[in-house]
1. So, in region 153-168, how many residues would count as being under 22 Å from Val114 (Cβ atoms) and either assigned to a loop (DSSP other than H, G, I, E, B) or touching a strand residue (DSSP E or B) at 6+ places or on another chain (Cβ under 9 Å) (or both)?
2. Which of (1) outside any helix (DSSP H, G or I); (2) more than 14 Å from the chain's Cα centre (by Cα); (3) polar (S, T, N, Q) does Thr79 not meet, given it meets every other one?
3. If you take the residues in region 1-27 that are buried (at least 20 other Cβ atoms within 10 Å of the Cβ) and assigned to a loop (DSSP other than H, G, I, E, B), which one is nearest to the chain's Cα centre (by Cα)?
4. Do we have any residue at all in region 176-194 that's under 19 Å from the mean Cα position of the chain (by Cα), at pLDDT 95 or above, part of a helix (DSSP H, G or I) and closer than 19 Å to Leu8 by Cβ?
5. Among the numbered criteria (1) more than 18 Å from Leu120 (Cα to Cα); (2) surrounded by fewer than 20 Cβ atoms within 10 Å (Cβ to Cβ); (3) of a type in the set (Ser, Thr, Tyr); (4) at pLDDT 95 or above, which one does Tyr93 miss?
6. Any idea which of (1) surrounded by fewer than 15 Cβ atoms within 10 Å (Cβ to Cβ); (2) at pLDDT below 95 is the one Ile208 doesn't satisfy?
7. Could you tell me whether Leu55 is part of a loop (DSSP other than H, G, I, E, B) and surrounded by fewer than 13 Cβ atoms within 10 Å (Cβ to Cβ)?
8. Any idea which of Ala146, Ala139 is touching a residue at least 40 places away in the same chain (Cβ under 8 Å) and either farther than 20 Å from Ser10 by Cβ or in a loop (DSSP other than H, G, I, E, B) (or both)?
Amino acid sequence: MKVMRVILFSWEYPPRIVGQLADYVKELAVQLVKNNVETYVVTYHDFLTGQRDELEGVKTYRVTNPVRTHIGVLTWVLTLNQEVERAAANIYYNASKQVDLIDAHDWHFIPAAVTLKKALNIPFIYSVESLEDQRSHGADSPFNMAIRSIERLGMHEAEKILAKSEWMRNEVFRIYKVPLEKVKVISPKSTNWMTDVLETYRSVAGGIISK
């Protein structure tokens, strides 16, 4: 049977740790490899760039931002997305155009995921870590509105949205009016965590089952 090939997008990944997301994505990637999923992680680092085969079997592809000076995180993210797209496209073509899905963690690389979906027909999952309404409660500046628009784009274009709790699922529905059947709750603390992740990946990738 065909082995599933997945690309994870995350703006942080060890050794670059900003919050809890880095360790979560690392554990997810390692567990995917243990379940015979060919796993790539496209992430950011300011100087550790390029593709690398990690000891656990995960293939990392770290990119840096070609623009060095920024007025804020929004311009940093948007200019970095072109490098994320380039790295993912290289993986796609080196794998004979056989990438089954992208799992984009949080909002930062949603523009790249949408572009790759439209250009290369790679479906993507939006794994929600937090929402702008939670990070900047009550803030309504153009900056906040721009981030919300990226989140809204991801909610609309993703094949599936993954939330880590029922509360987050309800927040996605409340803020972005996403149909509840599109949002699946998979808690990292659940004993069925990896089984549920794989089941969701397969449903998005068209029922592919790894060896």
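The values are calculated or read from the model by the stated rules, or taken from the named source; none is laboratory data. What you see is a predicted model, and the numbers here were worked out from it, not measured in a lab. In this analysis, Cβ positions are derived from the backbone assuming ideal geometry, glycine residues included, and neighbour counts consider all displayed protein chains.
1. Number satisfying all stated conditions: 10.
2. (1)
3. That would be Trp11.
4. There is at least one residue in region 176-194 that is under 19 Å from the mean Cα position of the chain (by Cα), at pLDDT 95 or above, part of a helix (DSSP H, G or I) and closer than 19 Å to Leu8 by Cβ.
5. For Tyr93, the exception is condition (1).
6. Failing condition for Ile208: (1).
7. Spelling it out, Leu55 is indeed part of a loop (DSSP other than H, G, I, E, B) and surrounded by fewer than 13 Cβ atoms within 10 Å (Cβ to Cβ).
8. Ala146
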